[in-house]
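The structure under discussion appears below in the form of structure tokens.
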Amino acid sequence: MDRVIDDLIALGKGLSITFKNYLEKPVTKQYPEEKRDIPKRARGRHVLHRYNDGLERCVGCLLCQGTCPAGAIYIEAEENDKENPVSKGERHAKVFDVDLLRCIYCGHCEMACPTNAITLENNTALAGFTRESLLMHKEDLLEPEGSSTLGTTEYWDPKPPEDLSHRVPAQTGEFDGSSTSAAAVGRGDLDLNKAPKKPTRKEGDNA
Amino acid sequence: MSTLVITELMDIEGIDGIDTYVKNKGYEGLKKALKEYTPDELIEYVKASGLRGRGGAGFPTGLKWSFVPKNPGKPKYLCVNCDESEPGTCKDRDMVTYLPHQLLEGIAICCYAVGINQAFIYIRGEMLEGYEILEKAVEEAVQRNFLGDNILGTDFSLDVVVHRGAGAYICGEESALLSSLEGERGFPRLKPPFPAVEGLYACPTVINNVETLSTLPAIMRKGAEWYSSLGTERSKGTRVLCLSGHVNKPGNYELELGASMRHLIEECGGGVMGGELKAIIPGGASAPMLTKEHLDVALDFEAIAAAGSMAGSGAVIVINDKTCIVKTCLNLDQFFEEESCGKCTPCREGTKWLVDILTRMVNGHGRPEDIDLLKSVCNNILGNTFCPLGDSATSCIMSAFKYFPEEFEHYAHHGCSILEGKKEMAKS
Amino acid sequence: MADDLVNITIDGHQMAVPKGTLLVEAARQIGIEIPVYCYHPKMKPVGACRVCLVEVENQRRPMMPACTTTVMPDMVVHTRSDNAVEARGAVLEFLLINHPLDCPVCDRAGECDLQDFTQKYGNGNTRFIEQKRHFAKSKQVGKNVVLDRERCIMCQRCVRFCEEIAMEEGLVIVDRGNRSEIGTFEGRSFDSKFSGNVIELCPVGALTAKTYRFESRPWEQQHYAGICNVSSLGVNITVDVRYDEVVRLRGRMNDEIDDGWLSDKCRYSHLAIHSDDRILSPMVRNDQGQLTKVSWAAALERIVQAFPENASQIGLAVGTRLSVEDGHMLLRLGRGLLKTPNVVHEHEAESLGTNTTLTGRVKGCDAADVILCLGSDPAKSHHDFELRIKKGLRNKARLICIGEQPALVGYADYQVIGVASELWSKLKKELKKETTEEESGLRFPKPRPWEAGGETSQDWDALVKEIRGAENVLVVVSGDIAGQGLQDVARDVEDLGWNTAPHGVIHLRSGVNPVGHESIGLIPEWDEDGNQALAKAWEGMNTDSGLSYAEMCRGKTEMLLAFGCNPLAQPESKKPKFLVQAATHPDETTEKADVVLPLSMWVEYNGVYISTDGTVQFNRQAILPLGEAQPAWSIARELCLRLGASDLPENPRAVYSEVGSLHAALAGATYKDFQTPGQYHWSYPQQADLGMPRPDLSAIPVKEPDMPMWMPAPLTGSTVEGAGRLHRGQTPPPVPGQRDPREIAKLLGLNHPMDRTAPPALTAGGAEKKDGYIPLRVVPSTSAEPAGPTPAGRHHEIGVGPRRRVAVPVAQTALLEASDAADNTTEDGGEE
């Protein structure tokens, strides 16, 4: 008798799930008419980011190329023209190719990037008719001129702690004009009460 | 008033001229040395006098000379260290300016003892007056045959060259002095080989301080026994102390070794100026500070070392209680940062870092962790540098932490000096 | 226990080392690494950087710099005690506080000592919140050297190199203390012949090469052991390759020859490999007198048709940049098949003949008492030799220059200007005179000419006296010594009794491999007795004496085949009726040649080169031949095939074995002679120190010391000629005296990346790759089949890869597409 009751309870439990799902909306999406939300950290096609001033973040350091387990990235670096820099710093990527057919979307490249220049974004609809169309060049990967985002970085890259005990101008980078903060940002010799101890060296004196 | 050995003749009018100097028993010591002693006996004589080097380390002079090989098959040289650049020190300047012949006589005695025919006086570039006086004195002495070929009819010849440095503190370090004298960059050299074996131009070289050599004529004139009767058991004789800072009568005072700091500051210096005594730096900027508790410490090599400082160059700097110790440290370290030669890493980078931290603290941006940071940076410099300059840069901070930790704490927590009272912490 | 040994204890290991050994060297011998920046085994220690501080028991100052402290009896040293670790961390922290965070843009990143040691011994965090010191970026201090002063850690290696090794005014320290910077003398540029060495010496990225800036990263390179192809000294180099492109050459230490240094002339010689004017396809002059590209088949056909009836009207001129294998195959083509007596190399006029023994060696400078430079200037033609002479001068040698020697005159103790041959015969007469006078050798050192205040003496008597007193004399002659009237110098020196190797006469030859070519008989006179084996193997070969190179250049033959040389640049040269040139770059001969063949450069094929003092060295192929270029031996082989020969050796290895079996001078030689292990670049397993526990070194057996294990970049490389190929995927051979990184990894329970299996041999375009070389396949140019080797490598055309390597002939595209799939699989399996 007990066994019958147990069976019935089990049956009831099972059926309750069936009926619950029967009443719910179907999960199937009518792709491509309908598109499903992709998790924020999903890794799709690469994007090369820019700074606010339009300069490229990528400095062509080749760390992503070095870390890429699939050998999907090829970079050639070049020295920046000082007048018309492409990136901040001394070098930039002249050639930046990603072979999407080789890429395994592991995300090592974005982790290795010292300037947060490359991220894997949510564009997962990657298909092409030719091999060439899936070889991304720098022009294809770069954010359009004028836009400057950090991409998915903010979802996985931990931010530096904000709870510093005593925030000094050296950390905030603020200079309020007082001699104290001048010292903290490395210009302690700017004390207005005294004459400068020694002539300050200008950058590139001997250049 | 203690016996005067070095400065005995200083007050005589025109003593920098050779005539006056000779009238006042000048060059008597040299004559005695040349006539009565062989070089070896002379070294023993100086050993017996108990004279110790006055440059800072207090190494027995006679012993130093005896290290020089007798017949190395190369020339031997004497370098007189007159690159007096320790902050607070001003004794060599007076000795050169007022008693140039006494120094030259000392040089001649030393060279005779060690068998040197070529001496160099490395004088600090800023001492232009002293340089001119010395040049003139050398000329006069050569004319009177106290220097030059066959001095006083003997077969001992000596040529003295006065060389001006370019005003680098590091060139007071003996091996850097040699480098500078050779025309190279004033970088200290590796030891061994020590200068006594391989010094100037890779030849045996004696390096003595001006004060050490200026003492020699008097020792020769009055006897080694007389000299060794002065001073204490292990620190014989007298010493010129340069009193500066917050005292009423700063200046050079020659005292018997063993005289206390209290004697120097209160009797000679006329007491502390503008407040109470707070700290004393007993041996130039590179010596650790002492406090008023140490006033009765005798100013000889052993006693000061026992009190946790060093006799150094004999520059006693007095600091009164209106002075902020942190700012004092900053001031001293700015000197060492400026003067670091840049050869070795801890000194080159460490002194700059110390100055950076202290500057930031003094300007009100100290952090509590800066105290430990300062201590750690000092520890990292200490003992790891090529020459003692790096160690010197830490001594003031380390001693200040020992005696006045609260001043640093105050800066770290309140952003201002303890003397200014508690201010609102600067917010940024 | 010998008296000159000292017992010391380092980290608990007891050992006995010779007196005067530096602690850092002693520790290295038992495999304990002490980090160094300023220390360099070829320069005097300075003790500036302080990163080598170790704790020594019972010392006044407990922390002693290992690079300047010599061992003392019963010394007890701790390199891993708390104090030592703390001091090392402190020094690294000090170095880093003013070091910019440039690693992503710095050329040195990846092979930077500061990075490496910071990871191993650094504190792992920063406490510095102040402003860093700043200088203006990248200042060009010399023609080829770029300086970044911010990155400099003031180890003074570059300054000391200029002062001590190159003995000239170059880089100096400007200003002092924290503001110190490296610079040049006011208004001077650092344009030394040896300036490139400071780039290698720099432990950080402060000094970088103009040609290498931002070109490549160390981790994507493959390193190959090569031989310099600029001078006949046989300087050892490391060829660094990125994606089948040579990006830089570095010195490779060989104490016998280069002492680890490399002159700029050689260092930048790789620029020619990828230069735009390389000849990359065969060309034939058409009716309009224009050179037009043709297929290999057409070009070879044209040559074969042009061979004249009279074989003695054919001349073969061989450039000395070619290897022994090249020379051998050309000899086979000329004397063996064409049956012409005219097969010579381009510098045969300088030859002293095979009967002369020259005992002088490059390393003879080190222990020589007198270095006697006769005639033309050795420093002008052989830059690397100048450094060796200077090393001798620093040791004890007197430099005597007789003749005209402007480059060395500042260093000469004695100099006599005049006609070298006359002065030599005068000198030799005086030296042969008996003398009763007591001669003392080297006197108390006066200031030498290169020291302050020293002067070059022109005193003939003193000079003669100096030579009389000398025990070891090295006579240096260079170039065309017959032209200088010094052809008898070797015999004279033998008469004087100076022929004690490595001293005696050293003849610095022009070109690269003349000695190699002479040893296989590329000279006009044929030595019939010495080459019996050859005559037997090559039936009916021509054994007459032939024309000299100068005669060939003057158009004495109807047809001239010039391989890697430029006959029309010679004086009084005249174009023969038919001129074939195999060349790498266009020159005077190319302008007039009827057929031009693309020739591979030395890094593109394996080859053996014999240096001027007789060292036989192996040069490893580093890249595939560019375009359609082929090595000379392969072209010769093709021509031999067309002349009906069979059974020809198929690769350099086989050619060299044939050389060994046929030539008396190189009897028994094979490539196995060169299989001595090479130096692997990284000395310690980098992984083992990244947060992992330190390996217990005591568990690893101590091996015989031989090679510095911490060796900084400039000194990497083998001390033996012909080191193996240093490939990323390949298992490096163990180096004596160096702990095998894999052993340490095993102790830690880690898999060392090098334990993985080597990649399978690549195949390209169906052609089988043998010995790193793809055999030439000649097909008619009209055919759709590929006309030459496919550039195979890691990347193919459509995948990622360098775009500039697109120089693929049209005929190959079809094949490329077909081979795509195969290529992909190979790469995936091969490369990690």
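Laboratory data are not the source of any read-out in this text; all were calculated from the coordinates shown. If you're wondering where the values come from, they're calculated on a predicted model, not measured in any experiment. We place every Cβ from the backbone using ideal geometry, glycine too, and count neighbours over all the protein chains shown.
So here's what we get for this one:
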| quantity | calculated |
| --- | --- |
| Sites B:Asn320 and B:His413 - FRET efficiency at Förster radius 25 Å, r taken between beta-carbons, to 0.05 | 0.50 |
| Pairwise label distance in nanometres, C:Glu430 with B:Leu152, each label 7 Å out on the Cα-Cβ vector | 5.0 |
| DSSP-defined antiparallel bridges as percent of all bridges, region C:1-133, nearest 5 | 80 |
| Per-residue average of Cβ from other chains inside 10 Å of B:185-195 | 2 |
| Backbone HN-Hα couplings from phi across region C:266-271 [Karplus 6.51/-1.76/1.60, Hz, Gly and Pro as x] | 7, 4, 9, 6, 6, 4 |
| For residues of C:170-183, the mean tally of beta carbons on other chains within 10 Å | 5 |
| Prolate/oblate/rounded label for region B:184-293 (Cα gyration tensor, a/c 1.5) | oblate |
| Under 5 Å, built H, 5+ apart or other chain: amide partners of B:Asn209 | B:Arg54, B:Gly55, B:Asn81 |
| Top positive-direction residue, dipole computed over region A:65-163 with Cβ charges, set A:Leu150, A:Ala77, A:Cys109 | A:Cys109 |
| Shape category assigned to region C:167-207 from the gyration tensor of Cα positions, a/c cut at 1.5 | oblate |
| Lys/Arg +1, Asp/Glu -1 at C-beta; chain B dipole; positive extreme among B:Ala166, B:Ala412, B:Cys110 | B:Ala412 |
| Distant-in-sequence amide H partners of B:Tyr77 (H built 1.01 Å from N, under 5 Å) | B:Thr205, B:Val206 |
| Cβ-Cβ FRET estimate between B:Glu293 and B:Glu267, R0 fixed at 25 Å, reported to 0.05 | 0.85 |
| Paramagnetic reach from A:Asp37 (point 7 Å along Cα→Cβ, amide N under 16 Å) across region A:106-123 | A:122 |
| Cβ-Cβ FRET estimate between C:Val409 and C:His585, R0 fixed at 41 Å, reported to 0.05 | 0.75 |
| Point-to-point label distance, B:Arg234-C:Glu525, nm (Cα→Cβ direction, 7 Å offset) | 8.4 |
| Karplus 3J(HN,Hα) series, Hz, for region A:96-112 with 6.51 cos²θ - 1.76 cosθ + 1.60 (x for Gly, Pro) | 9, 10, 10, 8, 5, 6, 8, 4, 10, 6, 7, x, 4, 5, 6, 5, 6 |
| Long-range HN-HN contacts of C:Asn472 with modeled amide H, under 5 Å | C:Asp369, C:Val370 |
| Inter-chain shielding of C:40-50 (mean C-beta neighbours from other protein chains, 10 Å cut-off) | 3 |
| Cα gyration tensor shape for chain B, rounded if a/c is under 1.5, else prolate or oblate | prolate |
| Loop sites in region C:284-369: GluC sites (Glu not before Pro), DSSP, at most 12 other Cβ within 10 Å | C:Glu309 |
| Coil-residue chymotrypsin sites (Phe, Trp or Tyr not before Pro) of region C:145-227, DSSP, other Cβ within 10 Å capped at 14 | C:Phe185 |
| HN-Hα J in Hz across region B:398-403 - Karplus 6.51, -1.76, 1.60, θ = phi - 60°, x for Gly and Pro | 4, 6, 5, 5, 6, 9 |
| Distance between modelled label sites at C:Thr670 and B:Glu406, nm, 7 Å Cα→Cβ extension | 8.8 |
| Restricting region B:355-428 to GluC sites (Glu not before Pro) in coil, as DSSP defines it, with at most 14 other Cβ within 10 Å | B:Glu424 |
